[in-house]
1. Looking only at the stretch 559-580, count how many residues are in contact with a strand residue (DSSP E or B) (Cβ under 8 Å, 6 or more places away or on another chain) and in a helix (DSSP H, G or I).
2. Condition first: farther than 26 Å from residue 559 by Cα, modelled with pLDDT of 80 or more and outside any strand (DSSP E or B). Now tell me which residues in the stretch 297-325 satisfy that.
3. Condition test on residue 235, is it in a strand (DSSP E or B), assigned by TED's automatic domain parsing to the domain that holds residue 158 and buried (at least 22 other Cβ atoms within 10 Å of the Cβ)?
4. List pairs: first in the stretch 215-244 and over 22 Å from residue 266 (Cβ atoms), second modelled with pLDDT under 85 and assigned to a helix (DSSP H, G or I), Cβ under 8 Å, 6+ apart or cross-chain?
5. Among the residues of the stretch 478-520, which ones are closer than 30 Å to residue 113 by Cα and surrounded by fewer than 20 Cβ atoms within 10 Å (Cβ to Cβ)?
6. With the condition kept exactly as written, say whether any residue in the stretch 165-186 is in contact with a helix residue (DSSP H, G or I) (Cβ under 9 Å, 6 or more places away or on another chain), under 16 Å from residue 446 (Cα atoms), surrounded by fewer than 24 Cβ atoms within 10 Å (Cβ to Cβ) and at pLDDT 90 or above.
7. Would it be correct to say that residue 398 is more than 30 Å from residue 126 (Cα to Cα) and either at pLDDT below 85 or outside any helix (DSSP H, G or I) (or both)?
8. So how many residues does the stretch 618-673 have that are free of Cβ contacts under 8 Å to residues at least 40 places away in the same chain and under 17 Å from residue 573 (Cβ atoms)?
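The values are calculated or read from the model by the stated rules, or taken from the named source; none is laboratory data. All values reported here derive from a predicted model rather than from experimental measurement. Reconstructed Cβ throughout: ideal geometry from the backbone, glycine too, with neighbour counts over all protein chains shown.
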């Protein structure tokens, strides 16, 4: 199940036993401004100073002559910078005064989002894909000024999003959120020259700051973790500060200790289109490639490139990881050699050892010829390529982690297989592991906020999104459709009976299968996972139910379906109480549970579960316990309420539209109103799908 996590910016935290408190061993730096923040420091081997700015025009002037790419630094610089102060552009707080500093943090890359924080507490997170209905929403391309004619529409959408944040964010203890920011922090986009001017049309900003992409990931992971010291490894398919960066975190400070040109993402990009079951156009692309095998020169590297929309690439790793679980247990030596050749070429001698040379190359579409030949030979070979790619990724990641562990203590962005390996490796039993709740790029602006004011106390991060955009229409729709209030029917007990196929379901149904029910309640989840507030729920007692869920979402057969499990049932399912409130782990399920509840288990016998305790989400927890009383297991299938190509739903209109048209959806619970599907479904809406891929030859 670990295979479903995207390769982009995934965080896993490895640490020694926690110290008693967070301390800044390098000592604080005091920088006076307005509310007298006492600021800590970040150290780095980089040589570029990133200034702070009093207003938008100052930031614009600075950015006009600023290039963000840091020159490569020598290992000796990294080793000697542990406590050296650098004017790095952002300062990490060692001690924050009691006044409530207001911070706006902004990420403009794919998964664009805004974070509003007061006194270190996140008040709301606006993920623009949820508002505009565009998956992986990106406000604009890197380096393209917003004032260019091509981005006129984005300017209007950006202003619209800022107004939504201003008008609809919920700030604890306040009737309205502040519109004057002490700080605005921009993550990973220094080329957006006029973006501050747009922000200042809606908000007043005292001071602007900028931080690097991986710094945002590392800050979020380290400060949100329960650890006082950590080693952070942040990697993804590309940031303006590299692709694989390691940090040491202590107290509220992080120190960059190394960077590698090790781009694992390109390995997934290069091989995905050899797997015909992953994309609809896969068979066409592979047929084209197989024909070229006969006509192209017999070189060791087969030159091709697949032209796809950039957002399409973001799903590659997750799809391959799920697909890999269907491979044979016996490894194919030809596949092993081909994938090893690709990995070696892409990663070179990737190592944090100063004596080692990292000679990776910039991938331009070349893959070993034998891998193309193998994919052309059989579908089984394609399964094996996916599995071998995942296995070799794990091996190389383990090697790099071991390298770091021997040098320091680690926090690492990795997928769940690495987590499982570390937790079950005796030599690292004293190392804790932490994966942040939003390890993809939809969480980096949280790190931006933490760069100014980290939380004084741990904060629950599950439900920091927004309420339904059109919630004012709910009462009207409920009355028009004759929806009943769940509380009047019996509350969670009634809903559990309905899900379990009891009298509430069977009395007026001619079907033997149990229902699929969508739940839309409260504030939306923050991050890539549905955690019970925008979820499709069902009883996991059959493989057919898992197939129905995938069919409902127009997903391929190999895609995993995850369960939500009450804390009280974790030992029953896994043999130990494995907490995972953000679906960040994928342990093996006990054989007895696999037999009785096959709908919650992936092909490899794992389940990437959401654990739910009474203090985390009381309503969901009560529902699970009620289900357990009827089925013998306090668990439900839980997958996000959306359909193909669309982000997680956040409107009454879309929720009811899917209820009216999707054949496998039986009920939608919106807040306390239970809507029943019509007897005759309406013609299904045409849902947007990914743009087709095109394969082209590149010069060898």
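1. The qualifying residues number 5.
2. Once the filter is applied, which keeps residues that are farther than 26 Å from residue 559 by Cα, modelled with pLDDT of 80 or more and outside any strand (DSSP E or B), the stretch 297-325 yields 297, 298, 299, 300.
3. no
4. Note: pairs meeting the criteria are 231/404; 231/405.
5. none
6. yes
7. yes
8. 1
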